[in-house]
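Data first, discussion second: the structure below is written as structure tokens.
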Amino acid sequence: MLPGIEQAKLQRYGLNGEGEREIVDVDVLKLFEFITDFKDVFRFISITAYPEGDSLFMQYHFSYGSWIASLRLLVPEDKVVPSITPLLPAADWAEREIMDLFDIKFSNHPRPKRLIIPDDAKRGIYLDF
Amino acid sequence: MGYKFPLGPYHPAFEEGEYIELQLEGEMVVDAEIKIGFIHRAIEKSATKRTFIRDLGLVERTCGICSFHHSWAYCLAVEKAAGLEVPERAEYIRVLTAELERIHSHLMYLGAMAHKMGFDTLFMFTWSGREAVMDMLELLSGNRVNYAVNTLGGVRRDVDENISSQIRAALETLEDLALKLSDTWTKDASILARTKNVGFVSREQAHLLGVVGPTARGSGIREDLRKTSPYSVYPLMDFDLVVLDGGDVWSRTFVRVLEVLESIKIIRQVLDKIPSGSIKNPKPVLKIEPNDVIGRVEAPRGELAYHLITDGTDKPARLKIRTPTLINLPASEHMMRGSNLADAPVIVGHIDPCMSCMDR
């Protein structure tokens, strides 16, 4: 139970607010609903992109006191995911970094420029070796 | 008629390589864009090619200023994933080193801020005082940077009577310095003119930008992992959470002055309470079962998070490092909009950016 958070609202996303961390699978629609519902109370930490088997996954981490919610999203085949930056400005650089390192495209990102690799380098360097 | 003004990548006001493109209208900044990546070393990727114990040396080198916190967050993640217990004496030594490092980092920041404002006397004064804490870190670990105190399941260096009495003596000097700094930062007219009401961010805006550490606490956000998500032996320590409501450069700077005093308080308690016993769990970390953990510590600049995914081998499957600067620096783009050109280096500098941390 998290103080000041409606339990029923959390449970809609499969979360209980217990322990120190919970990981749940979400789709894009649920992710956006979660952010709209909780962006004023939960602090955005970061996004981790990682390959598992043949697919790519992303975990969106949110923090509330000592509790962390990690929302896991399967990246579709075409590697295009809608950007959450218009809703939540904190995600700006996290998404741009993933664009550089994992070659995932975030549609609707306000400034989809290179962040940490040079303009002439190939995108997706973390997938290569 | 607007024009573009480039700041960096090599500029006297910056310690490291960063490039800021400012869009100006006369003297006013209407838009700012920060370009990073000048020191990208792919540490996250390299970490997946080495064993857990060898990664320790790698992650410690992410940053030269908060290197202990990097190794600590990494150790927390690995210890959590492997279910490794840490002896209590080791936890005390970790807190001791962490707080010494926090003092050293904050003093470095306060000196650098004075330098950015053109107040070089204060810069020299602060940095000469900082030598006292650097000496203590050297005494404890043998190094002035990259202390290599942490290891998986404990620490590598012990504290004896000689070291603790020397640290106590140095704390007197440091406390004296911090009180003088607090006096200067509250009274000096030129400091107040350069920092008060500059780079304002409200509490709500700061939350949406996700800022952490002193940058958040200077905007009235009550969040410090040592208090809000206690780890190690911090719950046993008596210290205050420093929060100021100003939301400007001055508040976020003064939070750090007060935190130096709190750190001194913590170190004194550590030296008083430290229990005897072993300093390292002898169990080696070889292969770790598939697991997914996050290790978080409160580094001098704010929350430092290590997300570790293991897959049953002796190497991490993925190690994601979220450094505090990575979330604080984009916020300074927002702070610069609407400010004066002369204030831009102060605004970028006051979040205490660490480019090496950020580029990884």
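The values are calculated or read from the model by the stated rules, or taken from the named source; none is laboratory data. As the structure is a computational prediction, the values presented were derived from the model and not from experiment. Quick reminder, even Gly has a Cβ in these numbers, built from the backbone with ideal geometry, and neighbours come from all protein chains shown.
Identify, by number, the condition in (1) touching a helix residue (DSSP H, G or I) at 6+ places or on another chain (Cβ under 9 Å); (2) in a helix (DSSP H, G or I); (3) surrounded by fewer than 17 Cβ atoms within 10 Å (Cβ to Cβ) that B:Val133 doesn't meet.
Unmet for B:Val133, out of (1) touching a helix residue (DSSP H, G or I) at 6+ places or on another chain (Cβ under 9 Å); (2) in a helix (DSSP H, G or I); (3) surrounded by fewer than 17 Cβ atoms within 10 Å (Cβ to Cβ): (3).
Among the residues of the stretch B:322-358, which ones are within 14 Å of chain A (Cβ to nearest Cβ) and among the aliphatic types (A, V, I, L, M)?
Result: B:Leu326, B:Ile327, B:Leu329, B:Ala331, B:Met335, B:Ile351, B:Met355, B:Met358.
Of all residues in the stretch A:44-57, which are in contact (Cβ under 8 Å) with a residue 24 or more places away in the chain and either within 7 Å of chain B (Cβ to nearest Cβ) or surrounded by fewer than 22 Cβ atoms within 10 Å (Cβ to Cβ) (or both)?
A:Phe44, A:Ser46, A:Pro51, A:Leu56
From the set of residues in the stretch A:102-129 that are of a type in the set (Gly, Ala, Ser) and at negative phi, which is modelled with the highest pLDDT?
A:Ser107
On the basis of being at the interface with chain B (Cβ under 8 Å from one of its Cβ atoms) and either in contact with a His (Cβ under 9 Å, 6 or more places away or on another chain) or of a type outside the set (Lys, Arg) (or both), does A:Leu115 make the cut?
So A:Leu115 fits the description; yes.
Could you go through the stretch A:76-99 and let me know if any residue there is over 18 Å from B:Leu326 (Cβ atoms), of a type in the set (A, V, I, L, M, F, W, C) and crowded, with 21+ Cβ neighbours inside 10 Å.
Yes, the stretch A:76-99 contains a residue that is over 18 Å from B:Leu326 (Cβ atoms), of a type in the set (A, V, I, L, M, F, W, C) and crowded, with 21+ Cβ neighbours inside 10 Å.
Those residues that are free of Cβ contacts under 8 Å to residues at least 24 places away in the same chain and out of contact with any Pro (no Cβ under 7 Å at 6 or more places or on another chain), I need them from the stretch A:82-95; list them, please.
A:Pro89 - this is the single residue of the stretch A:82-95 that is free of Cβ contacts under 8 Å to residues at least 24 places away in the same chain and out of contact with any Pro (no Cβ under 7 Å at 6 or more places or on another chain).
Within the stretch B:141-150, is even one residue part of a helix (DSSP H, G or I) and modelled with pLDDT under 90?
Looking through the stretch B:141-150, at least one residue is part of a helix (DSSP H, G or I) and modelled with pLDDT under 90.
Can you tell me how many residues in the stretch B:189-206 are more than 13 Å from B:His334 (Cβ to Cβ) and either surrounded by 18 or more Cβ atoms within 10 Å (Cβ to Cβ) or not basic (Lys, Arg) (or both)?
Looking only at that region, the number is 9.
Going through the stretch A:70-105 one residue at a time, which ones are within 12 Å of the chain's Cα centre (by Cα), within 11 Å of chain B (Cβ to nearest Cβ) and among the aliphatic types (A, V, I, L, M)?
Hits for the stretch A:70-105 are A:Leu88, A:Ala90, A:Ala91, A:Ala94, A:Ile98.
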